[in-house]
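First comes the structure, then the notes that go with it.
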């Protein structure tokens, strides 16, 4: 599909698409650095004795990312995708400095608020720009590649930081890694990334939607993706619960395993396996959803995640059980993550895409806030196993909700506007 020099398609935009894939690997690595080390630092270096207090950094991260997603989606058409991407990397620059000089946990929390803003801008824009480039026909594959790169970066950084922290101070690993990643990401975004506004205009002309249509207001997009449209509502709740699980895996699982005798290297292994499986298998699951529809993968993924958390709780901190749970959790998340984004994009016009995806990502990343609060408080009151079991139950309920609200064969090309 083409319009003058601007063309839609994965092959037609291979160079720019590949650049955005690599860049998203760096976006993910910024978060991955913290996965195996920061919760332990809260206990060991800052003397926190409450799971809820330790997980407060995830609350700040999730709040920053969720609110930024909401605003970025609405601003993308006005400001431009590329400008918001560059701004995201600029916001990341103070993060390693704050982590390095932090005299108390509140400064670490502030650094993670900025990290959330970085992720909300940088990850959101790489996602939307890839959707812009490929057009409707291979959207699932494109998003699978995008999320594979991002969570591949999370996995590599999580495993590497855990391994390096055996011999090097964990805080030094965080500071050096985050500084290098932020600088590289900023330089690549400024020098090589091009905006995709022309691709949006072309797809709008080629679709069944009018070229005079304007992007919806934030209020209208929020209503459509939050409650008015049943399919969009189903995706938003599933995204929220998915990241509620991720908050538990990020913040509570390291404490859970450490309480049962695991060392930082073993914790890093589990922390790396989960996003590693998630990242690699997303390439296949995204493309699979293009062929068989979105609903089967979304429902199955949520239910598999529930089983994974059940295995983790039943294992009582055993490392082998945690590894099995990490693999299952990664597989379940891989079925859901790119598919939800593709499903949201299927249901709206090209000019409405960024605002509606922004609202979806707001709800999805609010799951970090909900997960950190729920898991932390439940662990303090009821213990680790009970906290994990509660989240497993919520995840199973989310899968059932999606089964009810999503249409039977929700496939690409349907193009209805949100109601």
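The values are calculated or read from the model by the stated rules, or taken from the named source; none is laboratory data. Keep in mind that what you see is a predicted model, and the values were worked out from it rather than measured. Glycine also receives a Cβ, built like all others from the backbone with ideal geometry; neighbour counts cover every protein chain displayed.
In region 323-340, how many residues are surrounded by 24 or more Cβ atoms within 10 Å (Cβ to Cβ), more than 18 Å from residue 296 (Cβ to Cβ) and touching a residue at least 24 places away in the same chain (Cβ under 8 Å)?
Number satisfying all stated conditions: 3.
Could you look through region 166-206, keep only residues that are over 25 Å from the mean Cα position of the chain (by Cα) and surrounded by 18 or more Cβ atoms within 10 Å (Cβ to Cβ), and pick out the one that is modelled with the lowest pLDDT?
204
As an exercise: evaluate residue 391 against (1) closer than 23 Å to residue 126 by Cα; (2) surrounded by 24 or more Cβ atoms within 10 Å (Cβ to Cβ) and give the number of the one condition it does not meet.
(1)
Against the definition (without any contact (Cβ under 8 Å) to a residue 60 or more places away in the chain and either assigned to a helix (DSSP H, G or I) or crowded, with 24+ Cβ neighbours inside 10 Å (or both)), how does residue 343 come out, yes or no?
no
So which residues in region 248-272 are under 16 Å from the mean Cα position of the chain (by Cα) and within 12 Å of residue 158 (Cβ to Cβ), if there are any at all?
249, 250, 271, 272
Without any contact (Cβ under 8 Å) to a residue 60 or more places away in the chain, surrounded by 22 or more Cβ atoms within 10 Å (Cβ to Cβ), on the phi < 0 side of the Ramachandran plot and in a helix (DSSP H, G or I) - does that describe any residue in region 121-140?
Looking for residues that are without any contact (Cβ under 8 Å) to a residue 60 or more places away in the chain, surrounded by 22 or more Cβ atoms within 10 Å (Cβ to Cβ), on the phi < 0 side of the Ramachandran plot and in a helix (DSSP H, G or I), one finds at least one in region 121-140, hence yes.
Which pairs have Cβ atoms under 7 Å, sit 6 or more apart or on different chains, and link a residue in region 241-254 that is under 14 Å from residue 61 (Cβ atoms) to one that is modelled with pLDDT under 95 and not in a helix (DSSP H, G or I)?
Between residues of region 241-254 that are under 14 Å from residue 61 (Cβ atoms) and residues that are modelled with pLDDT under 95 and not in a helix (DSSP H, G or I), the close pairs are 251/55.
If I filter region 401-419 down to residues being surrounded by 13 or more Cβ atoms within 10 Å (Cβ to Cβ) and within 18 Å of residue 242 (Cβ to Cβ), which single residue comes out as modelled with the lowest pLDDT?
In this case the residue turns out to be 410.
Checking the conditions here, which among 91, 117 is out of contact with any strand residue (DSSP E or B) (no Cβ under 6 Å at 6 or more places or on another chain) and farther than 21 Å from residue 191 by Cβ?
Of the residues listed, the single one that is out of contact with any strand residue (DSSP E or B) (no Cβ under 6 Å at 6 or more places or on another chain) and farther than 21 Å from residue 191 by Cβ is 117.
For region 256-269, give me the residue count where each residue is touching a helix residue (DSSP H, G or I) at 6+ places or on another chain (Cβ under 6 Å), farther than 15 Å from residue 326 by Cβ and either part of a loop (DSSP other than H, G, I, E, B) or modelled with pLDDT of 95 or more (or both).
Result for region 256-269: 0.
Considering 75, 90, 97, 113, which residue is surrounded by fewer than 24 Cβ atoms within 10 Å (Cβ to Cβ), in a helix (DSSP H, G or I) and under 18 Å from the mean Cα position of the chain (by Cα)?
113
Report whether or not residue 239 is modelled with pLDDT of 90 or more and within 26 Å of residue 374 (Cβ to Cβ).
yes
Where in region 1-72 are there helices (runs of 4 or more DSSP H), lying fully within it, with 2 or more residues that are free of Cβ contacts under 8 Å to residues at least 40 places away in the same chain and either surrounded by 17 or more Cβ atoms within 10 Å (Cβ to Cβ) or out of contact with any helix residue (DSSP H, G or I) (no Cβ under 9 Å at 6 or more places or on another chain) (or both)?
Here the list reads 14-35.
Test each condition in (1) within 19 Å of the chain's Cα centre (by Cα); (2) closer than 15 Å to residue 28 by Cα; (3) buried (at least 23 other Cβ atoms within 10 Å of the Cβ) for residue 161 and report the one that comes out false.
The failed condition is (1).
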